[in-house]
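Just so it is clear, none of the values below were taken in a lab; they were calculated from the coordinates. Everything numeric in this text was worked out from a predicted model, so none of it was measured. Methodologically, a virtual Cβ is constructed for each residue, glycine included, from the backbone with ideal geometry; neighbour enumeration extends over all protein chains shown.
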Amino acid sequence: MLLIAREVRRLRSITLFIIRSPYGEKHPGLVSAVKCGVSIMARGLIPWIWLKRPVYIQARFSYLHMKFLFFSWLAVFVGSWVVYVEYSSYTELCRGHECKNTICDKFQKGVIDGSACNSLCEKDTLYLGKCLSAKPSNQVYSGSWGDMEGIIKCQMKEDPHYDLGFELEPRKESASFSRPTKGTSMQKFKEMVFNHLKAKVGDQANLADLLTLVLGVADSNKDGEISLSEAHSAWALLQLNEFLLSVVLQEREHTPRLLGFCGDLYVMEKVPYVPLYGVSLPWMVELWIPASLRRSIDQWATPSWPRKAKIAIGLFELVEDVFHGTFGSFLMCDVSAAGFGYTERHDIKVVDARQIVPEVGFQEVMRERRCEEDTDCLYGRDCFTSCDLTKHRCTTEVTQPNLAKVCSTLKDYILYGAPSDIKDELDKQLYACIALKGASEQMEMEHSLILNNLKTLLWKKISHTKDS
């Protein structure tokens, strides 16, 4: 535009120079002719400038158009990939209806029976709702049974590419329900169950009491007798750690109630608040959240400190129940927050007891495990033993007791928001707790002392509040 203005001024000066007569007068015809020439020359310059702008605009529009198309295609591709991954994951993890069909087929053939069979297979009052499965081998669904909400669990075979390693629970596509065999007497079945319990929990003085509890659960219709189909279901369930623990701790409040079963499918009481702490986020979001921010989010979602103290006391009481309890010792091999929840009254509940295993059974498994280093001697998430390099076998004693693992899980949870007058002492007690070693000769005495100190410290602080 500056170029045009400059040219117009130059032409105007030329025009004025040309059209003046020698006597200083303007010639009208000549003025018109020159004005016309100036206009033509200006038009000649203007197209040269304006022809450039449409090309630039067109190029910019083309670039933006291509950019929009690229990002649109990328969004569609990523979205399709996410949907495919989620769908594949869902179809692999969530096979509850397949499990239900297998169970109902066995029930209708008279192979199995249980308190939940009619509701599941005939009345359709036991519904499988939202899929909560974390592994294909352990189908978990929220559901409803009449007016009760529950968690439905069923066992399935994992795909061949999974490395199962050594497990205390046998993995089968569906339980064969072949034991006890037809013609087995009631006395023989009792002996089978007694020997199985002895192998699981050891030769306890009150093993007969545990046998009575198991047989009471097996008699699903409470007619005082156990049919062959009921015995098939009970035997299949006895292979599962979670079922055994629910029987062992049924008089306590730390495990959900067993509502019913059919074969190796069983229904547990639903725990309202799961996990113990933290917020469940989509995995795509998890990838972009820093660990420090994730911990902060988890802490924001927890109850008030007095209620957290009550939950912690409940977890310490659970440790007491499974450590040299009424029916032997159990090892907590996964003490992550996801394995626990709590009720409206802030009472602790175990929501996944598959990795709470009898110590005797654990020792038998580890004794047979070959190893090259200590990391080979891991069961579940938290049960470590050491490797005996002379025999290349794992030792049987865990390096860290249950209490130390629980304290490690609770440390950040219970210290966050703790009253200033007990925070330092609480921190000190928790670190002493985490330092406990399983191989220590005085471990049991230290274990009891620290456990009592922690419970007393927390209880004194909340005993005068409504949260107690």
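Extension gain, Ser62-Tyr273: 0.36 nm per intervening residue step, less the Cα-Cα distance, totals 70.5 nm. For the peptides 426-436, 229-239, 292-302, the ranking by mean Cβ contacts within 10 Å, running from highest to lowest, is 229-239, 426-436, 292-302. Between Glu344 and Leu293, full extension at 0.36 nm per residue minus the direct alpha carbon distance yields a gain of 15.6 nm.
For Ser176 and Gln204, what does the FRET efficiency come to when R0 = 35 Å and r is the distance between their Cβ atoms, rounded to the nearest 0.05? The pair Ser176/Gln204 has a calculated efficiency of 0.75.
Taking region 411-455, which GluC sites (Glu not before Pro) meet the DSSP loop condition and have no more than 14 other C-beta atoms within 10 Å?
Glu441
Between His392 and Asn118, the simple spin-label model (points 7 angstrom out along Cα→Cβ) gives 5.8 nm.
Expressed in nm to one decimal, what extension gain is obtained for the pair Glu225 and Glu368 from 0.36 nm per residue of sequence separation less their Cα-Cα distance? Write out the running numbers ahead of the final one.
On the way: separation 143, 0.36 × 143 = 51.48 nm, distance 3.88 nm.
Length gained between Glu225 and Glu368: 47.6 nm.
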